[in-house]
Amino acid sequence: METPDQPTTKVQPEAAPAAPAPQSSGLHTLGSWMRDLIFSVLVSFFIILFVYQPVKVEGGSMEPGLEDQEHIFINKVVYRFESIERGDIIVFRYPRDTHQSFIKRVIALPGDRIHISYGHVFVNDQQLPESYVPSDYLDARSYPEIVVPKNAYFVLGDHRSMSNDSRNFGPVIRSYIYGKAVFGYWPVEKLGVLR
């Protein structure tokens, strides 16, 4: 028996959902890296410009703690938030030529009475203990007693026999001081916090 023709229904295979356009993972990764790199450079630039500055020590007046050609970071904002203390290693404009910068250690603060007798430093009639100055770096120079003026600091190099410091040019006024030496980074064996 013949069956009547049944309309045949053609069933189309279900269309697969359109695949998202292949996103180039390489370009996405590169874009992410570039964004991170630019952000890092901007943050580093801000820190170096406004907070820390790399400097190179020139000369041996701060030996043995800081050697000639050593690379260090100075903090340029620390003294906006805290006071300069005795023992700090500071960077300042040289009073006799403000185009030059010097690095020395703070020995006496504003209002202190200081004198040096045959290389021994006395602040307010007390001999200053100076473990950072080895005996072979001392000299026998004397300096008459003075009272450090308001807003000024008496500074000395740690290598006393070869330092041009407040014994020569007098106390350094506060406005000339622009940084505190905080960290040595080159050569690698000198890596660390400065004291």
Within the range 117-151, of all residues that are outside any loop (DSSP other than H, G, I, E, B), of a type outside the set (S, T, N, Q) and exposed (fewer than 11 other Cβ atoms within 10 Å of the Cβ), the one farthest from the chain's Cα centre (by Cα) is Pro144
Across the range 175-195, the tally of residues that are touching a residue at least 12 places away in the same chain (Cβ under 8 Å), under 11 Å from the mean Cα position of the chain (by Cα) and assigned to a strand (DSSP E or B) stands at 7
How many residues of the range 34-76 are of a type in the set (A, V, I, L, M, F, W, C) and open to solvent by less than 30 Å² (accessible area, probe 1.4 Å)? The answer is 5
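Is at least one residue of the range 57-79 assigned to a strand (DSSP E or B), without any contact (Cβ under 8 Å) to a residue 60 or more places away in the chain and within 21 Å of Met162 (Cβ to Cβ)? Give the steps one after another, and end with the answer.
Here is the first cut: in the range 57-79, the ones assigned to a strand (DSSP E or B) are 71-75.
If we keep only those that are without any contact (Cβ under 8 Å) to a residue 60 or more places away in the chain too, we end up with none.
No.
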Flagged in the range 142-162 as touching a strand residue (DSSP E or B) at 6+ places or on another chain (Cβ under 9 Å) and under 20 Å from Tyr178 (Cα atoms), in numbering order, are Val148, Pro149, Asn151, Ala152, Tyr153, Phe154, Val155, Leu156, Gly157, Asp158
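Go through the range 80-116 and count every residue that is among the basic types (Lys, Arg), in a loop (DSSP other than H, G, I, E, B) and out of contact with any strand residue (DSSP E or B) (no Cβ under 7 Å at 6 or more places or on another chain).
1
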Filter the range 12-33 for residues that are within 38 Å of the chain's Cα centre (by Cα) and open to solvent by 90 Å² or more (accessible area, probe 1.4 Å); the one that is modelled with the highest pLDDT is Trp33
Of the residues in the range 157-174 that are assigned to a helix (DSSP H, G or I) and at pLDDT 95 or above, the one that is farthest from Pro95 (Cα to Cα) is Arg160
So, Gly111, is that one modelled with pLDDT under 95, exposed (fewer than 15 other Cβ atoms within 10 Å of the Cβ) and of a type outside the set (A, V, I, L, M, F, W, C) or not? no
Is it the case, given these coordinates, that Val91 is in contact with a Lys or Arg (Cβ under 6 Å, 6 or more places away or on another chain), surrounded by 14 or more Cβ atoms within 10 Å (Cβ to Cβ) and in contact (Cβ under 8 Å) with a residue 40 or more places away in the chain? no
Every listed condition ((1) touching a residue at least 60 places away in the same chain (Cβ under 8 Å); (2) open to solvent by 50 Å² or more (accessible area, probe 1.4 Å); (3) among the small types (Gly, Ala, Ser)) holds for Ser166 save (2)
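The values are calculated or read from the model by the stated rules, or taken from the named source; none is laboratory data. Since the structure is predicted, the reported quantities are computational estimates derived from the model, not experimental observations. Neighbour counts run over all protein chains shown; Cβ positions are idealised from the backbone, glycine included. We work out accessible area using only protein heavy atoms, side chains counted, and drop any ligands, DNA or RNA first. Shrake-Rupley method; radii C 1.70, N 1.55, O 1.52, S 1.80 Å.
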